[in-house]
């Protein structure tokens with residue numbers, strides 16, 4: 001059983017667990033989440049080798065913490081596991097990245113960052129993925145975000161037209177060195193230093 | 001009369017007559033221009049090359065329109081142009097998010113004149129049910145539109161009716177109209193409607209009437 005093995009290995013870092021509609025959900029403390037995910041992936045009995053999804057949940061109750069959700073699957077054992085971390089919304093929203101464990105976490109974490117404003121520390125290229133790079137209205141899936149956005153329609157249209165369509169991609173995605181100089185300055189810096197950057 | 005070119009230039013009377021003829025032929029309809037218009041418009045309307053810009057379910061109906069059962073080749077749209085450089089009609093089939101707005105605008109700018117635009121379906125024409133933070137509220141805020149086809153999505157008959165309307169519109173065009181191909185931007189920010197009108201677009205409607213905007 002995964003949960004008892006997790007409790008044995010991590011003790012009080014496993015906050016609680018529940019089985020809802022046949023799905024096992026485990027709440028882990030933020031400090032040990034990366035260790036727990038690495039353990040789940042590397043331990044032969046567990047063998048959670050496939051990261052299905054990363055997402056986040058914000059509840060309507062403003063006091064309730066925001067939850068980050070990792071949906072794991074073991075392809076060999078054909079079992080699923082949902083791992084959650086509760087983040088206090090009054091503190092900075094930060095969790096460690098699991099990009100070093102599953103490379104597929106790259107875009108999933110970017111999406112959670114884009115929509116909820118959660119920072120994944122250690123992510124190689126954390127920037128918006130659905131909204132454009134210069135999007136300035138905030139994080140659309142947060143509960144305090146109005147459905148139509150913060151800006152007026154005219155301002156939204158104006159900003160959208162002013163955006164550079166080619167600036168949404170990393171250098172690898174573009175593979176055009178010329179576009180590098182049209183990217184926003186901050187993005188150029190990040191690309192130069194990250195794993196993906198290869199321009200000096 | 002057999003005048004030499006130098007003599008003609010020197011003679012103020014002949015010069016004025018020549019000016020009058022040139023002016024008349026360009027700015028006001030006469031027998032020559034209307035015949036020429038008829039010929040040119042007849043050729044144009046019967047060989048419209050569409051540039052399909054399908055972004056959502058309207059594109060499926062567009063494909064049905066182009067396929068054998070409805071077959072828009074019957075109306076001269078034999079060749080689907082997937083390059084804006086060789087296209088006459090821009091057919092925006094589907095919703096357009098703000099992220100796509102500069103792409104749409106660039107494709108429109110790449111199309112050579114003469115060019116027309118059909119806005120197909122509720123989302124392209126007005127934003128449709130997507131009255132939210134990410135969606136352009138009608139492509140006429142970012143580019144000129146000739147024909148709006150309502151529907152969600154419109155059936156192929158609807159699109160064909162829109163194409164017929166566009167052909168009627170082309171029939172009525174005349175090159176003596178100097179403002180015909182003029183694209184009037186509002187200000188320098190690239191909007192096609194005044195900002196106040198863009199703001200109004202989604203105000204009283206949509207499924208989010210209770211929403212308030214903080215800025």
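Just so you know, all these numbers are worked out from the coordinates, no wet-lab data involved. Bear in mind the structure is a predicted one, so any value in this text is a computation, not a measurement. FYI the Cβ positions are ideal-geometry reconstructions off the backbone, even for glycines, and counts take in every protein chain you see.
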What is the Cα centroid distance between the range B:99-157 and the range A:49-111, reported in whole angstrom? 37
In µm²/s, what is D for the range A:16-77 at 4 °C and 1.567 mPa s, where D = kT/(6 pi eta Rh) by Stokes-Einstein and Rh is the Kirkwood radius from Cα pairs? 99
With only alpha-carbon atoms in the gyration tensor, what are the semi-axes of the equivalent ellipsoid for chain A, in Å, largest first? 34, 22, 13
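How long are the three semi-axes of the equivalent ellipsoid for the range B:51-131, computed from the Cα gyration tensor as the root of 5 times each eigenvalue, in whole Å, largest first? Could you put the intermediate results ahead of the total?
Numbers: eigenvalues 85, 61, 16 Å².
Those come to 21, 18, 9 Å.
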Count the DSSP beta bridges whose two residues both fall in the range B:73-153, then state the antiparallel fraction as a percent rounded to the nearest 5. 10
Listing B:134, B:83, A:12, A:152 by rising number of other beta-carbon atoms within 10 angstrom, fewest first, gives A:12, B:83, A:152, B:134
Inter-centroid distance (Cα atoms) of the range A:114-139 relative to the range B:69-86, Å: 40
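Below 8 Å between Cα atoms, with a sequence gap of 6+, how large is the relative contact order for the range A:1-130 in percent?
Value for the range A:1-130: 20 percent.
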Please report B:145, B:103, A:83 as a ranked list, fewest other C-beta atoms within 10 angstrom at the top and most at the bottom. B:103, B:145, A:83
Would you order A:40, A:108 from fewest to most other beta-carbon atoms within 10 Å of each residue's own beta-carbon? A:108, A:40
Tilt of helix A:153-162 relative to the longest C-alpha principal axis of chain A, in degrees (0 to 90, nearest 10)? 80
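Taking only C-alpha pairs under 8 Å that are 6+ residues apart, what is the relative contact order of the range B:57-138 in percent?
Answer for the range B:57-138 is 30 percent.
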